[in-house]
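What follows draws every value from the coordinates through simple rules; no lab data is involved. Keep in mind that what you see is a predicted model, and the values were worked out from it rather than measured. Note that each Cβ is placed from the backbone with ideal geometry, even for glycine, and that neighbours are counted across all protein chains shown.
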Amino acid sequence: MRNLKPHRAFRLFSLLFFFTSSVFTSSAVCAAAMAPEGTPMRKLERGATNIALSPIELVNAFVRQRPEEHVPPNWAVGIFYGSIFMVERIGVGVYEVVTFPMALPKNYKPILQPEFEWGHFV
């Protein structure tokens, strides 16, 4: 049984790598095929995408921290703020998915800026 542990770790790493690469690839492809702005479908797509890609907020907040030494450590501050931003994006995504048929806010405008998660990296 002990010989299977490295094999399981490799499988898990491979599965995670495949999942993250497929998410980033599909999000780049989907960006070109999104519905036009100001439509209910765009609001639904935006909500679903924000829910699915919300963990990127952790990475984004972690990267924004400066490499200075202070208390609490920068990585802890990055994880704290990233968690808050991630929960915010999930909440707004759920709101947009539930209310996509209604024009709230006016003309289906995005609530968060950037509209999609990959806007931080553009």
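Would you calculate the separation in nanometres between label points at Phe62 and Asn107, each defined as 7 Å from the Cα along the Cα-to-beta-carbon direction?
Output for this residue pair reads 3.8 nm.
How long is the gain from Ala76 to Trp118 if the chain were fully straight, where each residue apart is worth 0.36 nm and the alpha carbon distance is subtracted? Each step should come with its number before you reach the end.
Values: separation 42, 0.36 × 42 = 15.12 nm, distance 2.31 nm.
Here the answer is 12.8 nm.
State, to one decimal in nm, how far the label point of Glu37 lies from the label point of Val94, with both points 7 Å from Cα in the Cβ direction.
Here the modelled spin labels are 2.8 nm apart.
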